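Undergrad: Just passing along the structure, written as structure tokens.
The values are calculated or read from the model by the stated rules, or taken from the named source; none is laboratory data. Just so it is clear, the structure is predicted and the values come from calculations on it, not from any experiment. Cβ: placed from backbone, ideal geometry, glycine included. Neighbour counts: every protein chain shown. For the accessible areas, the whole protein counts, side chains as well, though only heavy atoms, and no ligand, DNA or RNA atoms are used. Shrake-Rupley method; radii C 1.70, N 1.55, O 1.52, S 1.80 Å.
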Amino acid sequence: MKIRRLDATDNIPMDLLLQADPSEEIVLEYLQRGECFVLEDEDSIIGVYVLIPTRPETAELVNVSIQEEQQGKGLGKMLIQHSIATAKSKKYKTIEVGTGNSSISQIALYQKCGFRITHIDRDFFIRHYAELIFENGIQCIDMVRLSQDLHY
């Protein structure tokens, strides 16, 4: 398995990206602003994440996604750790991530990878998504924001 930056000539793994974010419009917008990295097993893309610059010295990790049949094998953690190393190599001082209030396992995973909850963006998913989102039997309404200071 290897993680590499998606080339401009590669097909966008939209099915994986939409698994983590149901809005194609929002996905396409942050793909234009950021760098997309893919996890490949042989010649098949099984995971993806996008790293975008936000404020000075800050990057945001968006859209971490692993194919369903590959989940539970530590691959999401591998992508998150790769994103942290990539942000450090680009001299960012902070990396941030946001996830839905209903994304229980993702919130735990980010904390295991060193992120700390900083705040809640109330009603984020109501304001930005036309369709209601449910996960783990919970309506996704608020965005839980987490960050990590990067030390060199």
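Undergrad: Open to solvent by less than 20 Å² (accessible area, probe 1.4 Å), farther than 26 Å from Leu6 by Cβ and not in a strand (DSSP E or B): is that true of Ser102 in this structure?
TA: Yes; evaluated as a whole, the condition is true for this residue.
Undergrad: Being touching a strand residue (DSSP E or B) at 6+ places or on another chain (Cβ under 9 Å) and either more than 25 Å from Asp149 (Cβ to Cβ) or open to solvent by 20 Å² or more (accessible area, probe 1.4 Å) (or both) is the requirement here; does Ile3 meet it?
TA: Judged against the criteria, Ile3 is a match.
Undergrad: Out of (1) within 11 Å of the chain's Cα centre (by Cα); (2) open to solvent by 10 Å² or more (accessible area, probe 1.4 Å), the odd one out for Gly47 is which?
TA: (2)
Undergrad: Follow-up question, since we're still on this one. What's the total number of residues in segment 65-95 that are part of a strand (DSSP E or B) and crowded, with 22+ Cβ neighbours inside 10 Å? Outline the logic, then answer.
TA: Just the residues of segment 65-95 that are part of a strand (DSSP E or B), to begin with: 65-66, 94-95.
Cutting the leftovers down to crowded, with 22+ Cβ neighbours inside 10 Å gives us 65-66, 95.
Residues flagged as part of a strand (DSSP E or B) and crowded, with 22+ Cβ neighbours inside 10 Å within segment 65-95 amount to 3.
Undergrad: Which of the residues belonging to segment 55-77 are within 14 Å of the chain's Cα centre (by Cα) and within 21 Å of Val144 (Cα to Cα)?
TA: Ala59, Glu60, Leu61, Val62, Asn63, Val64, Ser65, Ile66, Gly76, Lys77
Undergrad: Then there's this: Do the conditions hold for Leu16, that is, is it open to solvent by 60 Å² or more (accessible area, probe 1.4 Å), part of a helix (DSSP H, G or I) and at negative phi?
TA: no
Undergrad: May I pose another question? Among the listed residues Gly34, Gly100, which satisfies the condition of being touching a residue at least 12 places away in the same chain (Cβ under 8 Å), under 15 Å from Arg145 (Cβ atoms) and either in contact with an Asp or Glu (Cβ under 6 Å, 6 or more places away or on another chain) or not hydrophobic (A, V, I, L, M, F, W, C) (or both)?
TA: Answer to the selection: Gly100.
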